[in-house]
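Chemist: Below are the structure tokens for one structure; questions will follow.
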Amino acid sequence: MTNIESDKALGVINRLFDIAVERGASDVHLVVGKPPILRVSGQIEAIENSKELTGDVMEQLLFSMITEDERERFVRTKELDIAHQTPSGMRFRINLHWEKRRASMAARIIPQDIPTMDQLDLPPIAQGMTEYPHGLVIVTGPTGSGKSTTLAAMIEKINRSKADNIITLEDPIEFLFTSSRGIVRQRQLGQDFLSFAEGLKHILRQDPDVVMVGEMRDPETIATTLTIAETGHLVFATLHTYSAAQTIDRIIDAMPTTQQNQVRSQLALTLRAVVSQQLLPKVGGGRIAGREILVNNPAVANLIREGQIAQINNVIQTSANEGMITLSQDLTRLVALGLVEKSEANQFLRISEQIGDDDEVGQVAKRRGWLK
């Protein structure tokens, strides 16, 4: 493809991205044999009057966004994560991959402005997590649940309120921070460090106060993250898990059997909180997060040390006075506030009895004034 063809292809894909922003989409999907597809308010829909993409056109579009080195790596490793910014200033987190030997793309729109914790409806207990002097805070949820946005809001609050040295390890860099009271250094996998484990090994020589780990992907990264939190630093990280208890299980199970007792002890000591969230359709359009929040109190720490992870849910349910909340309780709150349809919440939980006036969750909601 000539430079002119490459420029034209880049213009086409930037226009597709602009259309996605105009439609209020969260994601863009390009698949051979289908027209460009958007995810709007959680639903998949094709862009009207668009032609199906051929394999040749797909490669022209996707290769126009990447360098020759990135193209070689994409062909060799079959996967590539990049960030892309359009001329209009919108940023996208992009995953390029192969599907039936044909190039394909999934792109996530990154909002231009970092939302505040209030705008994300984060409760006071979560907002207070930015005040922890040290320890580990984990934000979890499935892909597309807003983990990166929640982390960005937390980091930005620290950046604006404290004179801290903040270092992020990301793949790729998503939200762009401007140093305020603090210093923010954003490092991207593959460009600024070779692996999360390697980046974390050297990070203590960079005088950090706060560290953000884009994802705890492997045993070595998990072990190093725990050590950094253990040495008196505040660490924020993400995992692809669905609940607080599952998060703790995942961390322990990822380690070799001979190290699991040590990891239990480290987690009991260093873990400060887990924020587990998932997105639901919001009344009136858009999506909103339902959250489960775990705070590591002495009871939780003891359960972690003793390997009794299954009992953590009981502690969450009975520790509302400490700011903890189950997902079903938070969804009840959202239903009561008219932000989520009861049918959507019931379908999401797959147990209709979990939200209602007569069950335990409903009684909790009444006591807190969520239901009249």
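Chemist: Report, in deg cm²/dmol and to the nearest 500, the calculated mean residue ellipticity at 222 nm for the chain, where each DSSP H run with n ≥ 4 adds -39500 (n - 2.57) and the sum is divided by the residue count. If you can, show how the numbers build up before the last one.
Modeler: Details: 14 runs with 140 residues, N = 372.
Computed mean residue ellipticity for the chain: -11000 deg cm²/dmol.
Chemist: Nearest 10 degrees is fine. How inclined is helix 147-161 to the longest principal axis of the chain, computing both from alpha carbons?
Modeler: With both axes taken from Cα atoms, the answer is about 70 degrees.
Chemist: Within the stretch 53-97, which chymotrypsin sites (Phe, Trp or Tyr not before Pro) sit in a loop by DSSP and count at most 14 neighbouring Cβ atoms inside 10 Å? Can you show the working numbers first?
Modeler: Values: sites: 63, 74, 92; in loops: none.
Filter output for the stretch 53-97: empty list.
Chemist: Now, a different point. Computed FRET efficiency, Cβ-Cβ of residue 88 and residue 306, R0 51 Å: what is it to the nearest 0.05?
Modeler: Details: r = 54 Å, r/R0 = 1.06.
E between residue 88 and residue 306, to the nearest 0.05, is 0.40.
Chemist: If you don't mind, another one. Which value, in nm² and rounded to one decimal, describes the direction-averaged projected area of the C-alpha convex hull of the stretch 124-325?
Modeler: On the way: hull surface 46.0 nm².
Taking the Cα atoms of the stretch 124-325, their convex hull projects to 11.5 nm² on average.
Chemist: Test of the criteria: in the stretch 1-64, which trypsin sites (Lys or Arg not before Pro) are in a DSSP loop and have at most 15 other Cβ atoms within 10 angstrom of their Cβ?
Modeler: Values: sites: 8, 15, 23, 39, 51; in loops: 23, 51.
Of the trypsin sites (Lys or Arg not before Pro), the ones in loops of the stretch 1-64 whose Cβ has at most 15 other Cβ atoms within 10 Å are 23, 51.
Chemist: How would the stretch 279-345 be classified by its alpha-carbon gyration tensor: rounded, prolate or oblate, with rounded meaning a/c under 1.5 and the a/b versus b/c comparison settling the rest? Don't skip to the end; give the middle numbers.
Modeler: Details: a/c = 3.33, a/b = 2.80, b/c = 1.19.
Prolate is the answer for the stretch 279-345, as a/c is 1.5 or above and a/b outweighs b/c.
Chemist: Hey, another quick one. Please identify the trypsin sites (Lys or Arg not before Pro) of the stretch 64-109 that satisfy two criteria: DSSP loop assignment and at most 13 other Cβ atoms within 10 Å. Which are they? Don't jump to the answer; show the numbers that get you there.
Modeler: On the way: sites: 71, 73, 76, 78, 91, 93, 100, 101, 102, 108; in loops: 78, 100, 101.
Listed in order of number, the matching sites are 78, 100, 101.
Chemist: As an exercise, use a Förster radius of 45 Å and the Cβ-Cβ distance of residue 314 and residue 98 to find the FRET efficiency, rounded to the nearest 0.05. Don't jump to the answer; show the numbers that get you there.
Modeler: Details: r = 45 Å, r/R0 = 1.00.
So, using R0 = 45 Å, E works out to roughly 0.50.
Chemist: DSSP beta bridges in the chain, what fraction antiparallel, as a percent rounded to 5? List each step's numbers first, then the result.
Modeler: On the way: 38 of 65 bridges.
Within the chain, antiparallel bridges account for around 60 percent of the total.
Chemist: How big is the Rg/Rh ratio for the stretch 1-156, C-alpha atoms only, Rh by Kirkwood, two decimals? Walk me through the numbers before you get to the answer.
Modeler: Details: Rg = 17.8 Å, Rh = 17.3 Å.
Here the Rg-to-Rh quotient is 1.03.
Chemist: Also: Helix 3-22 against the longest principal axis of the chain: what's the angle in degrees, Cα atoms only, rounded to the nearest 10?
Modeler: The answer is roughly 40 degrees.
Chemist: Once fully extended, how much extra length lies between residue 321 and residue 131, figured as 0.36 nm per residue of separation less the alpha-carbon to alpha-carbon distance? Don't skip to the end; give the middle numbers.
Modeler: Numbers: separation 190, 0.36 × 190 = 68.40 nm, distance 1.89 nm.
In short, 66.5 nm is gained.
Laboratory data are not the source of any read-out in this text; all were calculated from the coordinates shown. Small disclaimer: the values here were computed from a predicted structure and weren't measured. Positions of Cβ are generated from backbone atoms using ideal geometry, with glycine treated the same way; all protein chains shown enter the neighbour counts.
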